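Inspection log for the structure reproduced underneath, given as C-alpha cells.
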Amino acid sequence: MIVLFLGVIFVLIRASEIENILQTLQRANLWYLALALLIQAVWFIFLGWDFHSIYGLLGLKESLRRLTMIATAGSFVNIVTASAGVGAVAMFISEGRRQSLPPGKVTVASALYLVIDEAAFLCVLAVGLFVLIRRHDLGAGEIMAALILLVVASVWTFLLYLGYRSAEALGETLAKIAGLINRIVRPIIHREYLSEARAHSFAREIAEGVGSLPEKYRSLIQPFLLSLASKVLLMAVLICSFLSFGEPFTLGTIVAGFAIAYLFLIVSPTPSGIGIVEGVMAIALVSLRVNISHAIIITLAYRAVTFWLPLIVGALAFRTLQLRKTENPDAAYIDYSQSSSGKTES
C-alpha cells in the first residue's frame, strides 16, 4: 500500500507534465500512436522473456507470464521509490520466495540481466555516438554519461566474476563497499546503513548462484539478443513518434536520438530520468537537425508511451501481485519502499 500511495503522489506531482503530454497527443496521428502502444506492449513481453531466459540458465523454474508481471511491477517500484534498481531486485526475491526459489540465484539473475542489458545498450550507444561524431555533434556531456555507464557495467561484471571465482573475495569486497557507504552516511543518519556482516553470507548466496551458470558463454547469446531486440522495439516507438507528427527522419537520427535519451535515463539521478531525459532528448534531436518545436512534441509523445504507460501498467501489475499473496504474507512480504535504505532482506 505504501508503494501504491507513493505512486499516486508521484502522478500528482507530475500532473502538469501529464497535461502537456495529453495536449501533445491530441495533435498526433492516432494510428501511429496506437502502433507505438502495441510495440510497447510487445516490449513488456520481451522484458519477461529476457528474465525467463536468464532464469533458465540458472536452473530457476518460473513462468514467462509471472516473470513479465514481476519485471513490470519492479519497474514501477523503481520509479516511485527511487531505489536505484534495488526495489526491482526486492520484488524478484520476494516473489521468488513464494515459489521457494533460492534468493542468491534470484539476485544473480537480476544482476546478470543488468549486465547483459547494459552490454546490449552499449552496442546501440556505440552506433549512436558514431552518428554524432560524423555530424560533429558529440559533446562532453554525452562522453561523460557514456563513461559513467561503462564504469557501472564494469563494476557489475567485476562483482559477478569475483563471485564466480571466490565467495570469500566477493564477501570481503562487499563488506568494504558497505563499510565505505556506512562511513559516508553515518554522520547524516547516525546509524549503520548497511550490514557488513550480512555481506559475507550474501556473497556466499551470490557465489552459489553464479556457480550454477553454464560455463559456455554461448548460453548468454539468447538473453543478449533479447535485450538488443528490446532496444530495437523502443527505437520503433520513436519512429512512430516521428511518423505521428509527419516529421522526416533518417535511421541515424533515430539511433542517435534514442541512444542519448536512454543513456541519460540510466545515469540520471532522478527515477527513470524524469525531468532530465525530456530535456536532453529534445536537445539531442535539435542537434540532429530536427525542428525544435517538433523535437519537443516528439519527445513528449515518446515519453508518454515508454515512461507513463509502463508506470500505469506497472502499478496494475504490482497491485495484482499483492492481491495474490498466499495465506502467509509476512514470509513473502518485503517493504519495497524501504529497499533504498538498506532494510530489504537479501
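The values are calculated or read from the model by the stated rules, or taken from the named source; none is laboratory data. Just so it is clear, the structure is predicted and the values come from calculations on it, not from any experiment. Every residue, glycine as well, gets a Cβ built from its backbone with ideal geometry; the counts of neighbours run over all protein chains shown. Heavy atoms of the whole protein, side chains included, go into the accessibility calculation; ligands, DNA and RNA do not. Shrake-Rupley method; radii C 1.70, N 1.55, O 1.52, S 1.80 Å.
What is the range 58-131 by shape, rounded, prolate or oblate, if you read a ≥ b ≥ c off the alpha carbon gyration tensor as root eigenvalues and call it rounded for a/c under 1.5, prolate for a/b larger than b/c, and oblate otherwise?
Judged from the Cα gyration tensor, the range 58-131 comes out prolate (a/c at least 1.5, a/b above b/c).
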(request) Could I have the simple spin-label model distance between Ile312 and Leu30, label points 7 Å from Cα toward Cβ, reported in nm to one decimal? (result) 1.5 nm
(request) Order these peptides, 302-315, 35-48, by their mean beta-carbon neighbour count within 10 angstrom, highest first. (result) 302-315, 35-48
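Going by average Cβ density within 10 Å per residue, which order do the peptides 60-68, 219-227, 100-108 take, highest to lowest?
Top of the packing list down: 100-108, 219-227, 60-68.
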(request) At 1.4 Å probe size, with every protein chain present, just tell me what the per residue accessible area of the range 223-299 comes to in Å². (result) 34 Å²
(message) At 0.36 nm per residue, and after removing the present C-alpha to C-alpha distance, how many nm does the segment from Arg319 to Glu172 gain when stretched out fully?
(response) 49.1 nm
